[in-house]
1. Are there any pairs, at least 6 apart or on different chains, whose C-beta atoms fall under 9 Å, with the first in segment 32-57 and on the phi > 0 side of the Ramachandran plot and the second crowded, with 19+ Cβ neighbours inside 10 Å and in a helix (DSSP H, G or I), and if so, which?
2. Starting from segment 1-30, keep only residues that are in contact (Cβ under 8 Å) with a residue 12 or more places away in the chain, then list their pairs with residues that are in a loop (DSSP other than H, G, I, E, B) and surrounded by 14 or more Cβ atoms within 10 Å (Cβ to Cβ) whose Cβ atoms are within a distance under 6 Å, requiring at least 6 positions of separation or different chains.
3. Take the conditions surrounded by fewer than 18 Cβ atoms within 10 Å (Cβ to Cβ), touching a strand residue (DSSP E or B) at 6+ places or on another chain (Cβ under 8 Å) and modelled with pLDDT under 95 and apply them to residue 75. Does it pass?
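The values are calculated or read from the model by the stated rules, or taken from the named source; none is laboratory data. Since the structure is predicted, the reported quantities are computational estimates derived from the model, not experimental observations. Backbone-built Cβ (ideal geometry, glycine too); neighbour counts: all protein chains shown.
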């Protein structure tokens with residue numbers, strides 16, 4: 001924005017995957033579609049990868065603080081739709097993940113990236129087990145599907 005407004009540049013900015021952070025304790029970082037948004041946009045075509053762990057820096061310090069990471073993927077294309085993190089450095093990681101999402105990164109590309117050990121970010125490239133969707137997302141999806149079925153049956157009558 002500064003480049004365009006004050007320096008006479010004409011740089012096109014993407015507003016598609018805007019990283020967002022809440023600098024609280026613990027920190028929250030997110031970019032791309034949420035789990036719920038992904039299931040709404042791509043019903044029956046979403047995989048969730050999630051983990052919760054204690055980073056090595058906390059383990060060595062004897063702290064019990066944990067981190068949660070989630071990657072939302074469109075199953076049919078393997079495209080990463082969203083990346084979410086709760087824990088130290090989440091805002092910094094969300095910024096970088098915004099670049100990867102704007103470049104159209106796939107889960108396979110995440111998986112083929114060498115992990116930087118020991119780091120919290122390495123867990124994004126080590127996620128290999130699909131997680132069950134959030135129960136609230138499943139409930140909302142079922143309610144939406146039921147409402148759509150009810151609307152379809154009313155149209156037929």
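1. Close Cβ pairs (under 9 Å, with a partner that is crowded, with 19+ Cβ neighbours inside 10 Å and in a helix (DSSP H, G or I)) amount to 32/38; 32/97; 32/98; 32/101.
2. 26/87
3. Judged against the criteria, residue 75 is not a match.
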